[in-house]
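Below is one structure, written out as structure tokens, with a few remarks after it.
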Amino acid sequence: MKKFLAFLSVASLATFGWAGTAKEDSAERLTKASEVLTQMTDAPDKGIPEEVLASAKCIAIVPHLVKGGFVFGGKHGRGVATCRTANGWSAPAFISVGGGSWGLQIGVEGVDLVMLIMNDKGMQQLLSSKFQVSGEGSAAAGPVGRHASAGTDWKLDTQMLTYSRSKGAFAGLTLEGAVIQQDSDSTTAVYGRDVKFQNVLLGKVPTPAEARPFVEAVSHAAHVSAAKEARDDDKK
């Protein structure tokens, strides 16, 4: 009996320790995601165009996505996503990005990734809690610069625009073949239970205290972009 109670005690401590670590890791991810978005929108003439960000329905950020390998390429990372609602931006939904690509690739490279969901079709894909990026119109490298080029077709049928930053350089990133899905471990660690991915992104779940700075950072970036776009339209 004593051995059994001791086992339960050790198991409980291990569980609490894992939950604490997972929650700390998730909180750190939220902080890094905020920093990535702020830096990629504030970059003069190199970051995400104001009108693109102002038009996005959802934003997903993966700090330090690892891509590369030997012979077989691959991608893996964990991030957070939020969507516009009638009451502002939703609480963050935790996601993981994984997938492979064929080709001769040597070395491993870490990049910061921002994905902008641009239309209702793309939003429905994200709300499904698991989808594979594939096919024409599913995802495209987004235009880079203070303003999107008039010659680009980002306003048409592209569901997702992608941006990456590696060693200070900004560029689009091809994600074809990648699988984006809910990160259940992080969701449970932050929300205390495995809440439905869709409910979080639709604004049906309150934003936890540790996630408020992230939501505020997204709201600020989108608001500033929308205000600048409106001023530029008035000047035309």
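When the test is whether a residue is at pLDDT below 90 and either part of a helix (DSSP H, G or I) or farther than 26 Å from S219 by Cα (or both), K67 passes it. Suppose the filter is in contact with a helix residue (DSSP H, G or I) (Cβ under 9 Å, 6 or more places away or on another chain), surrounded by 21 or more Cβ atoms within 10 Å (Cβ to Cβ) and either at pLDDT 85 or above or in a strand (DSSP E or B) (or both); does A60 pass it? The answer is yes for A60. For the range 142-169, residues that are at pLDDT 75 or above and either exposed (fewer than 15 other Cβ atoms within 10 Å of the Cβ) or out of contact with any Asp or Glu (no Cβ under 8 Å at 6 or more places or on another chain) (or both) total 6. Hey, could you check the range 72-117 for residues that are at pLDDT 90 or above and not in a strand (DSSP E or B) and say which is surrounded by the most Cβ atoms within 10 Å (Cβ to Cβ)? Result: P92. The residue list K32, K46, K23 contains one member that is surrounded by 10 or more Cβ atoms within 10 Å (Cβ to Cβ) and modelled with pLDDT of 85 or more, which is K32. Can you spot a residue in the range 204-224 that is more than 21 Å from R29 (Cβ to Cβ), at pLDDT 75 or above and in a helix (DSSP H, G or I)? Yes, that holds for at least one residue.
The values are calculated or read from the model by the stated rules, or taken from the named source; none is laboratory data. On a predicted model such as this, the values are computed, not experimentally measured, just so you know. So basically every Cβ, Gly included, is an ideal-geometry build from the backbone, and we count neighbours across all protein chains shown.
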